[in-house]
Amino acid sequence: MIITPVQLVDEPLKLDESIAEGAIEYAPDIRQVGPLTVKGQAELIVEHRGPKEFVEDIRLRAEFSGRFEQLCARCLEPVEKPLEGTFDLIFRPGGVDNVPGEHAITEDETEIGYYEQSGLLLEDAVREQVLLTLPGRTLCREDCKGLCPHCGINRNLASCECVEKPIDPRLAPLAGIAAVYKA
C-alpha cells in the first residue's frame, strides 16, 4: 500500500491492513506465518521552513501483530512465535534535507525516515519494525544441543558416533570464552 501526501490533505488515513504471508521478504531465516495485521493511521504534518517553503512529512502510527518463524541459532529448526509491536514514525520526502558538505544533525533528526516521490510504501515501514522487534537470536529451547560440527546431525533428535577431537592445549584458554557465547 502506497501512502502519499495527497491522500492525507483533508484528513488522516485510517489503516486496517492484513498483509499476506510471503508479501514481504524479511530475511533468509525469518518467515511470516499467516497474515500480519496492521492498524493505525497516517497523517500529514506540514513543516514550514520559510514564507513560501514547506515540507510535507508523513507521520505513521500503527500497531502490528502476527506470527513469525525464525531458525534456531543452534540446530536450525524453525521456531514459531507470536509478535506484536507499535510504532510512531516520521517520514520526509527524499532529498529535501540534502545540504552540500558536512553538517551536524539533532537527535530528533536521527528518527526521521525518507519516502520516495511516489510515496511511502507501508510494507517497507512494517518490515523494518518487524525486524527491529524480533530477537537477534532464537533458540528452540534453552538446552538445545545444536548440530554436530563433524557430521551435521541434529543432536536433539539423534546421537552420532563422531569422536570429539581433544582441544589443542594452546587454545584451551579460549574454550571458556566460547562457552560464554554458546549460552
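Structure above, values below:
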read-out: Amide H partners (placed H, <5 Å) of residue 71, local residues excluded; value: 79
read-out: Cα long-axis angle, helix 172-182 against the chain (0 to 90 degrees, to the nearest 10); value: 50 degrees
read-out: Angle in degrees between helix 122-133 and the longest Cα principal axis of the chain, rounded to the nearest 10; value: 40 degrees
read-out: Under 12 Å from the residue 54 label point (7 Å along Cα→beta-carbon), backbone N, the range 1-25; value: 9-10
read-out: Per-residue Cβ neighbour rank within 10 angstrom, fewest leading, 57, 10; value: 10, 57
read-out: For the range 2-133, the Rg and Dmax computed from alpha carbons only, in angstrom; value: 17.4, 61
read-out: Pairwise FRET efficiency - residue 143 versus residue 86, Cβ, R0 = 35 Å, nearest 0.05; value: 0.60
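Values in this text are rule-based calculations from the coordinates and carry no lab data. Source: prediction; values computed, not measured. FYI the Cβ positions are ideal-geometry reconstructions off the backbone, even for glycines, and counts take in every protein chain you see.
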